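Engineer: Quick one: the structure is below, questions incoming.
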Amino acid sequence: MSVRCGYCGKWGHNARTCPERSEESKKFSESYYKKAGRKKGSSTMCSYCGLLGHNRRTCPHLKRRKQEALKTIEGSISRALLEFQCHGAGVGALFESKLFWRELTGSYMVTGEAFESGVTYQEERYRQMEPTSGEISWSRHDVPTFRVWIGAKKMFGEEEAPIRCEVSKVFVYNEGERQFVGLHHLRPFAEEDCNNKWLVKSSTHFPDAVAARLRDIAVREVNDYYRNKENKHPEFGDDWWFEHQEELQRDRS
């Protein structure tokens, strides 16, 4: 994929080489980030944000991004569980599921047991609808994203059918103060379009133990994600973008 400029939004170059930026702006950007860090004029480049003057361990942008992700855990878990309930997959829901690759059928119940649930964390883009045109487009930036899934236990059916199965997933995207929910897995499941047939729907809420387990897992997932050196900031190396964020932080304070 071609590089996209964080200053003018056009493709084919980055903010550092943007022809629409003045030379004065470019020089300010370079001097601003070269002087940050443990040593003045340090040539150390951070493996997370791509800026000069510090490393991943001391990166203020990684710390800020991680803190923002941790703050969204509570709301993301609550929102995901609510979506399961609203679509009929609450505690006590019963459905018949057919594994199309083996032609095995079983009936499963959402029991609300804590271990039959899980969550993963990534930074991903989300799909959004333009309010005027109605067109679907992708968000420009990767945002903190939680994938929450709920499982169900086999009540009866063919002996070779799995004892447990995953009901579906809900994606919760967090962009600053805004939150978006991805139901591209749960919606077709609720509409009986995933080789399943509803026997009993339920909007009964999940026990507190389920939410507690999901929160604990989410904290671990967030910590592991930012500890992984292969994961980088969505605006890696775009000094103008980080410069703008610093200005916003100063304005808020």
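The values are calculated or read from the model by the stated rules, or taken from the named source; none is laboratory data. These numbers come from a predicted model, not from an experiment. Cβ sites come from the backbone with ideal geometry, for glycine too, and all protein chains shown count toward neighbours. For accessibility, only protein heavy atoms count, side chains too; no ligands or nucleic acids. Shrake-Rupley method; radii C 1.70, N 1.55, O 1.52, S 1.80 Å.
Engineer: Just to verify a result, which residue in the range 120-129, among those that are at pLDDT below 90 and open to solvent by less than 70 Å² (accessible area, probe 1.4 Å), is nearest to Glu166 (Cα to Cα)?
Structural biologist: Tyr126
Engineer: Name the single residue that is nearest to His205 (Cα to Cα) among those in the range 76-108 being touching a strand residue (DSSP E or B) at 6+ places or on another chain (Cβ under 7 Å) and open to solvent by 60 Å² or more (accessible area, probe 1.4 Å).
Structural biologist: For the range 76-108, the residue satisfying everything is Arg79.
Engineer: Quick one: what pairs do we get from the range 58-72, first residue closer than 11 Å to His233 by Cβ, second in a loop (DSSP other than H, G, I, E, B) and among the acidic types (Asp, Glu), C-beta under 9 Å, 6+ apart or different chains?
Structural biologist: That search, which allows pairs on different chains as well, returns His61/Glu235.
Engineer: List every residue pair whose Cβ atoms sit under 7 Å apart, with the two residues 6 or more apart in sequence or on different chains, where the first one lies in the range 185-196 and is surrounded by 15 or more Cβ atoms within 10 Å (Cβ to Cβ) and the second, anywhere, is of a type in the set (Lys, Arg).
Structural biologist: His185/Lys169; Leu186/Lys169
Engineer: With the condition being within 30 Å of Gly182 (Cα to Cα) and modelled with pLDDT of 65 or more, I'd like the helices (runs of 4 or more DSSP H) fully within the range 20-97 carrying at least 2 qualifying residues.
Structural biologist: The qualifying helices (runs of 4 or more DSSP H) are 60-71, 73-86.
Engineer: While we're on this one: Return the only residue of Phe171, Phe189, Phe180, Phe242 being under 15 Å from Thr120 (Cα atoms), among the aromatic types (Phe, Trp, Tyr) and under 22 Å from the mean Cα position of the chain (by Cα).
Structural biologist: Step by step, each of Phe171, Phe189, Phe180, Phe242 is checked, and only Phe171 is under 15 Å from Thr120 (Cα atoms), among the aromatic types (Phe, Trp, Tyr) and under 22 Å from the mean Cα position of the chain (by Cα).
Engineer: I'm trying to understand the selection: among the residues of the range 60-75, which are buried (at least 17 other Cβ atoms within 10 Å of the Cβ) and either among the aliphatic types (A, V, I, L, M) or farther than 30 Å from Gly50 by Cα (or both)?
Structural biologist: Residues satisfying the conditions are Leu62, Ala69, Ile73.
Engineer: Looking at the range 136-155, can you tell me whether even one residue there is at pLDDT below 90, outside any strand (DSSP E or B) and among the basic types (Lys, Arg)?
Structural biologist: Scanning the range 136-155 turns up at least one residue that is at pLDDT below 90, outside any strand (DSSP E or B) and among the basic types (Lys, Arg).
Engineer: Taking Thr111, is it open to solvent by less than 50 Å² (accessible area, probe 1.4 Å) and over 16 Å from the mean Cα position of the chain (by Cα)?
Structural biologist: yes
Engineer: Of all the residues that make up the range 197-225, how many are exposed (fewer than 15 other Cβ atoms within 10 Å of the Cβ), assigned to a helix (DSSP H, G or I) and of a type in the set (Lys, Arg)?
Structural biologist: Adding up the residues that qualify gives 1.
Engineer: Okay, next question. Give all pairs with beta carbons closer than 6 Å in which a residue from the range 105-125 that is among the aliphatic types (A, V, I, L, M) meets a residue that is open to solvent by 10 Å² or more (accessible area, probe 1.4 Å) and assigned to a strand (DSSP E or B); count only pairs at least 6 apart in sequence or on separate chains.
Structural biologist: Listed pairs, sorted by first residue: Met109/Leu94; Met109/Lys153; Met109/Met155.
Engineer: Restricting the search to the range 226-241, which residues are surrounded by fewer than 18 Cβ atoms within 10 Å (Cβ to Cβ) and outside any loop (DSSP other than H, G, I, E, B)?
Structural biologist: Once the filter is applied, which keeps residues that are surrounded by fewer than 18 Cβ atoms within 10 Å (Cβ to Cβ) and outside any loop (DSSP other than H, G, I, E, B), the range 226-241 yields only Arg227.
Engineer: Could I ask something else about it? Just to be sure before I move on: is Val167 assigned to a loop (DSSP other than H, G, I, E, B), of a type in the set (A, V, I, L, M) and either buried (at least 17 other Cβ atoms within 10 Å of the Cβ) or touching a strand residue (DSSP E or B) at 6+ places or on another chain (Cβ under 7 Å) (or both) in the structure I sent?
Structural biologist: Answer is no for this residue.
Engineer: Among the listed residues Ser117, Ser133, which satisfies the condition of being open to solvent by less than 30 Å² (accessible area, probe 1.4 Å) and either at negative phi or not acidic (Asp, Glu) (or both)?
Structural biologist: Only one candidate qualifies: Ser117.
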